[in-house]
Amino acid sequence: MRSEFAERRKRVLSALQPGILLVFAAPTAIRNNDVEHEYRQDSDFFYLSGFDEPDSVLVLTTRGEQCFQLFVRPRDPEREVWDGARAGVDGAVAEFGASAAFPIAEFEAKLPELLQDQERLFYRLGKEQSHDALVLSALERTRAKGRLGSSWPTQIVDPATVIHEMRLFKSGEEVELMRSAAAITRDAHVRAMAETRAGRYEYEIEAVLRERFHAGGAERCAYAPIVGSGPNATVLHYRRNNRRMQPGDLLLIDAGCEYRYYACDVTRTFPVSGKFSAAQQELYEIVLEAQLASIDATRPGSTLDAVHQRSVQRITEGLVRLGIIQGPTEAALEEQRYKPYFMHRTSHWLGMDVHDVGRYHRGGTARELEPGMVITVEPGIYISQNAPVPEQYRGIGIRIEDDVLVTREGHVVLTESIPKSVAEIEHACAA
């Protein structure tokens, strides 16, 4: 990956001309008292460096030979006994390819010099107040030296205009990492289907997922797993995962691993007892038909709006057919009668972040899909226990989600090996 990071920096430097980019590492976060949350590096910082330590700053500059600088924690044998080895200043150069590296304690003093004679500063204002204060103070000190003949940045530009647009398009190496994340996630979902049964608790299945993620080599979950059985499946972001599963329940699992900083995002819904009831299967096949239609619409030149509309059309048709909403379909679509049962969008960008970066619109219109983009496709139907619908459909929540790469020829479903048809799911549950 070192050459990949170097190529990314090269492309960013080309886009900066002329200018300087500052990216701060993600801070550590206190969980309670003196216990920290698990550390995870800022995605932009890691995307450009591969460096995953806190208390660091990345600098890219188009001026001089030291175009890539890192300010990092110095080696500290006493602290490393407690927290593990650090790369240190020398390691930042030798292991991560920095042109120059310095102790983080020197950053504040060196920043005015770095800003001097730069035309533009690429820095994300508003993300962290303490960083804003440090940068703006350094900018003021640089401006004060103007009477001596030097210049200073007169523009502050959001680096997302460069970095996030790059991150939206995945390289071949990034796609392979996402395939690996998908393979690990597949194993976890298949194991969960096999181990689920009435009488077990949702958190037991969450434990199965987490164990398979780690056993497969993933560093962490890409997001907190949703393991919702019965009526809990109708809650979009349900995370308590503490209900005891009952015979006849469906179990909705929305879970994916993060592998080497790349996320997988998958949802499967399956019967706790191994067989769908007639009503469950009717609703399930509507969602599956909608998802397959939306995946089919995923191709260059299409838009996420078009992908979403495919799901809206099929789900509306199905809900009218079952008498859950009143027809005709055209009127139901126009009046959005499906909204109480399908209330979210069908897709989002996927990459280093599970809800990845990148603009969804350009000039006020939905941007067209292009090769290298990765999206989720995740329609659903959610019918609460007290919904005004035929009784057999109440309390059922179903979502089906896959990760889809846009290619020149159309698309590739990165998560296609995870059971999804009724027959595949019932077979996996019986394994």
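Each value in this text was obtained by applying a stated rule to the coordinates, not by laboratory testing. If you're wondering where the values come from, they're calculated on a predicted model, not measured in any experiment. Counting neighbours? That spans all protein chains shown, and the Cβs are built from the backbone with ideal geometry, glycine included.
Comparing mean-square fluctuations of His189, His37, His164 from a GNM of the chain with C-alpha springs under 10 Å, the top value falls on His37.
List every DSSP H helix in the chain whose Cα atoms extend 15 Å or more along the helix's own long axis and whose mean Kyte-Doolittle hydropathy is at least 0.0. Spell out each step's value before the answer.
Values: long enough: 2-16 (21 Å, -0.82); 129-144 (22 Å, -0.25); 172-195 (35 Å, -0.20); 202-215 (20 Å, -0.61); 278-296 (27 Å, 0.27); 304-321 (26 Å, -0.34).
In the chain, the long hydrophobic H runs are 278-296.
Using the beta-carbon distance between Thr161 and Glu424 and R0 = 45 Å, what value does 1/(1 + (r/R0)^6) give for FRET efficiency, to the nearest 0.05? Write down the numbers at each step before the final one.
Values: r = 43 Å, r/R0 = 0.96.
That pair, Thr161 with Glu424, gives E of 0.55.
Between Ile383, Thr185, Ile315, the Cα set farthest toward the positive side of the dipole of segment 169-430 (charges on each charged residue's Cβ, about the Cα centre) is that of Ile383.
Hey, rough spin-label estimate for Ser99 and Val81, points 7 angstrom out along Cα→Cβ, what's it come to in nanometres? Placing both labels 7 Å along Cα→Cβ, they lie 4.0 nm apart.
Shape class for segment 248-334, computed from the alpha carbon gyration tensor (a ≥ b ≥ c): oblate, with a/c not under 1.5 and a/b at or below b/c.
Given their separation in residues at 0.36 nm each and the Cα-Cα distance between them, Ala431 and Gln336 gain 30.2 nm when the chain is fully extended.
Sorting Ser294, Ser229, Ser347, Ser384 on the 10 Å Cβ count, fewest up front, what's the list?
Values: Ser294 28, Ser229 25, Ser347 22, Ser384 16.
Final ranking by Cβ density, sparse to dense: Ser384, Ser347, Ser229, Ser294.
For the pair Arg2 and Ala366, label points projected 7 Å from Cα toward Cβ lie 4.4 nm apart. Packing around the peptides 415-424, 326-335, 245-254, 6-15, taken as the average count of other Cβ atoms within 10 Å per residue, puts them in this order, highest first: 245-254, 415-424, 6-15, 326-335. Put simply, segment 2-165 fits an ellipsoid with semi-axes of 26, 18, 16 Å; these come from the alpha carbon gyration tensor as the roots of five times its eigenvalues, largest first.
Taking DSSP loops as anything outside H, G, I, E and B, show the longest stretch in the chain free of chymotrypsin sites (Phe, Trp or Tyr not before Pro) there with at most 14 other beta carbons within 10 Å.
On the way: sites that count: Tyr39, Tyr360.
Result for the longest clean stretch: 40-359.
Spread over its residues, the convex hull of the C-alpha atoms of the chain is 168 Å³ per residue.
Express in nm, to one decimal, how much length is gained between Ser171 and Tyr201 on full extension, taking 0.36 nm for each residue of separation and deducting their alpha carbon distance.
Working: separation 30, 0.36 × 30 = 10.80 nm, distance 4.03 nm.
Extending this stretch completely gives an extra 6.8 nm.
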